[in-house]
Amino acid sequence: MKTEDSPSNKTKPFKAEDSLKDIVALSKRRGFVFPGSDIYGGLANTFDYGPYGVELLRNIKNEWWRTFVHSRDDIVGLDSSIMLHSAVWEASGHLKSFNDPLIDCKNCRARLRADQYLEEKHKISTIDFDLEQIKEIFRQKASEFSCPQCGNKNTFTEPRQFNLMFATKMGSLKDTEEMVYLRPETAQGIFINFRNIVDSSRVKVPFGIAQIGKSFRNEIIARQFVFRTREFEQLELEFFCVPGSQKEWFDYWLDFCSQWLYSLGISKENLRSRQHETKELSFYSDNTVDIEYNFPFGWGELWGIASRTDYDLKQHSKHSKKNLMYFDAARNESYLPYVIEPALGLNRLFLCILADSYRIEKPNTKEQRIYLKLDSRLAPIKAGIFPLQKKDGLLEIAQKIYKELAKNFTVDLDQNGSIGKRYYRQDELGTPFCFTVDYQSKTDNTLTVRYRDDLRQERINIDRVSDFLRDNLANG
Ligand code: ATP
């Protein structure tokens with residue numbers, strides 16, 4: 001696949017790169033993730049999720065929705081449009097300030113983010129700098145700075161701001177065409193529906209609106225597999241609270257989100273919280289913490305928890321000229337609620353889950369075994385069903401079990417290759433249990449259950465297989 005931005009990856013330690021490579025290879029081999037537009041040579045940094053990837057994504061979304069929406073009485077859902085009125089982005093500030101500084105190499109045409117270049121190559125932090133100051137550094141050091149791709153010195157263009165929103169046109173007739181943007185976050189769709197939701201449902205502050213959906217950012221450098229892409233999916237919550245209570249709710253949501261990650265089995269030592277320094281905060285935020293994961297290429301943001309004040313509702317009130325004040329009957333007062341936003345990237349969580357669950361037992365030996373130690377709620381397949389042979393009626397017994405289980409569980413009937421190969425495949429898919437139907441099954445109506453993690457095997461009655469899954473999958 002074509003990659004336009006690999007130079008900085010080359011400098012990463014060998015082992016870390018290797019484990020990302022292993023995950024990318026497993027993803028392709030087992031149908032989790034394919035390179036986008038693969039048969040046409042690939043389209044840089046786009047990815048397609050295969051049969052097992054799509055199940056894993058769906059299970060993550062379902063678990064999130066169950067925990068953040070269905071099991072709470074203070075959060076409701078929404079599915080807003082990807083294309084919103086341009087005025088939304090004017091009001092939110094995205095048209096003016098959703099920018100990254102960009103530089104191009106005049107020699108090899110490599111395109112880089114100026115701030116990342118300064119930080120990664122020259123250890124110059126740009127948190128405090130505006131565009132003019134970044135330009136000044138490039139002016140002063142032009143003769144020293146070299147392009148990481150071609151190695152040539154003094155070949156960079158002057159840094160310029162690049163808006164990350166994808167623009168497109170709406171309408172087919174030229175004179176009615178209107179410029180619209182693909183949303184770079186799902187949050188604004190929530191803010192502009194605040195009034196609709198308050199008026200149509202029984203929500204009372206404090207309450208939240210949750211949304212899962214695609215977002216688009218024309219990232220200057222997309223990289224590290226599905227970590228940073230231009231099309232991605234977000235799971236966002238906007239939690240509206242009484243002004244003054246935002247600190248308390250911020251701490252609550254930071255803890256709630258962390259606990260949810262732990263409950264999925266993600267190891268605590270690979271997670272950490274990073275508080276944004278005051279100078280690093282977005283202009284609308286009075287507090288932000290990133291939950292970071294120790295990805296194979298290093299620590300990176302997984303989940304941003306931001307205290308957004310009443311900035312968004314205030315801006316939309318002003319620009320739309322609609323009253324977005326909330327009347328709080330219990331307090332007998334009207335106010336614009338403050339907002340806590342936990343914003344999670346689905347594809348980053350997907351990568352985090354693959355990396356965290358990836359295990360190699362007895363590496364580089366004949367008995368090497370690779371498996372994904374996935375929480376059973378997330379596993380794409382809950383059980384593999386294998387007839388030892390296709391003949392002598394064993395396949396028919398396995399098919400009957402498959403039909404019965406498929407009513408309630410995602411299961412896989414695999415009749416090809418040796419049993420060892422079938423186990424190997426299910427291990428790499430993270431399937432927690434495998435059921436093998438053999439000759440004994442015909443005489444005593446039992447089969448073998450094999451546990452993914454400790455390889456334990458035991459025989460259970462075929463009539464109990466459904467109950468077995470119900471009991472053993474329940475707690476994940
Ligand atoms: P970064 O600093 O990595 O660019 P961000 O701070 O701009 O991320 P937010 O605007 O807080 O990200 O978005 C919320 C979440 O959406 C992030 O924590 C991340 O999980 C996800 N996300 C953001 N940009 C991308 C992207 N280009 N590809 C995949 N996921 C993304």
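The values are calculated or read from the model by the stated rules, or taken from the named source; none is laboratory data. Bear in mind the structure is a predicted one, so any value in this text is a computation, not a measurement. Methodologically, a virtual Cβ is constructed for each residue, glycine included, from the backbone with ideal geometry; neighbour enumeration extends over all protein chains shown. Keep in mind that these areas ignore ligands, DNA and RNA; they rest on the heavy atoms of the full protein, side chains included. Shrake-Rupley method; radii C 1.70, N 1.55, O 1.52, S 1.80 Å.
Selection within region 202-220: residues that are surrounded by fewer than 20 Cβ atoms within 10 Å (Cβ to Cβ) and basic (Lys, Arg). The member of this set that is farthest from the ligand (Cβ to nearest atom) is 202.
From the list 254, 313, 237, which one is among the aliphatic types (A, V, I, L, M), out of contact with any Lys or Arg (no Cβ under 9 Å at 6 or more places or on another chain) and open to solvent by 20 Å² or more (accessible area, probe 1.4 Å)?
Numbers: 313 fails: open to solvent by 20 Å² or more (accessible area, probe 1.4 Å); 237 fails: open to solvent by 20 Å² or more (accessible area, probe 1.4 Å).
After ruling out the rest, the residue left standing is 254.
Listed residues 441, 418; which is over 30 Å from the mean Cα position of the chain (by Cα) and touching a residue at least 24 places away in the same chain (Cβ under 8 Å)?
Values: 418 fails: touching a residue at least 24 places away in the same chain (Cβ under 8 Å).
Answer to the check: 441.
When residues in region 257-310 are screened for being open to solvent by 70 Å² or more (accessible area, probe 1.4 Å), assigned to a helix (DSSP H, G or I) and of a type outside the set (D, E, K, R), 3 of them pass.
Each row is one residue, and each column tells you yes or no for (1) surrounded by 16 or more Cβ atoms within 10 Å (Cβ to Cβ); (2) under 19 Å from residue 29 (Cβ atoms); (3) not acidic (Asp, Glu).
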residue: 398; (1), (2), (3): yes, no, yes
residue: 401; (1), (2), (3): yes, no, yes
residue: 408; (1), (2), (3): no, no, yes
residue: 413; (1), (2), (3): yes, no, yes
residue: 416; (1), (2), (3): no, yes, yes
residue: 419; (1), (2), (3): yes, no, yes
residue: 436; (1), (2), (3): yes, no, yes
residue: 442; (1), (2), (3): no, no, yes
residue: 449; (1), (2), (3): yes, no, yes
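Is it fair to say residue 223 is open to solvent by 20 Å² or more (accessible area, probe 1.4 Å), modelled with pLDDT under 95 and within 12 Å of the ligand (Cβ to nearest atom)? Judged against the criteria, residue 223 is a match.
In region 309-320, the condition of being modelled with pLDDT of 95 or more, within 11 Å of the ligand (Cβ to nearest atom) and over 16 Å from residue 187 (Cβ atoms) is met by no residue.
Please list, ordered by residue number, the helices (runs of 4 or more DSSP H) wholly in region 94-201 having 3 or more residues that are touching a residue at least 12 places away in the same chain (Cβ under 8 Å) and surrounded by 15 or more Cβ atoms within 10 Å (Cβ to Cβ).
Counting at least 3 such residues, we get 114-122, 131-140, 187-191, 194-200.
Of all the residues in region 330-353, those that are part of a strand (DSSP E or B) and away from the ligand (no atom under 16 Å from the Cβ) number 4. Based on what the data block shows, is residue 370 open to solvent by less than 10 Å² (accessible area, probe 1.4 Å), assigned to a strand (DSSP E or B) and in contact with a helix residue (DSSP H, G or I) (Cβ under 6 Å, 6 or more places away or on another chain)? No: the conditions fail for residue 370. Among the residues of region 57-93, those that are among the polar types (S, T, N, Q) and assigned to a helix (DSSP H, G or I) comprise 59, 62, 67, 86, 92. In summary, residue 377 fulfils each of the numbered conditions (1) farther than 16 Å from residue 435 by Cβ; (2) exposed (fewer than 13 other Cβ atoms within 10 Å of the Cβ); (3) of a type in the set (D, E, K, R) with the single exception of condition (2).
Per this entry, residue 476 is not counted among residues that are over 29 Å from residue 23 (Cβ atoms) and modelled with pLDDT under 95.
Here is the figure for region 275-314: residues that are closer than 30 Å to residue 326 by Cα and within 15 Å of the chain's Cα centre (by Cα) total 4. Tally the residues that are more than 9 Å from the ligand (Cβ to nearest atom) and closer than 28 Å to residue 117 by Cβ, restricting the search to region 226-243. Here the count works out to 0. Scanning region 22-45 for residues that are of a type in the set (Val, Ile, Thr) and either open to solvent by less than 10 Å² (accessible area, probe 1.4 Å) or closer than 11 Å to residue 225 by Cα (or both) yields 23, 24, 33.
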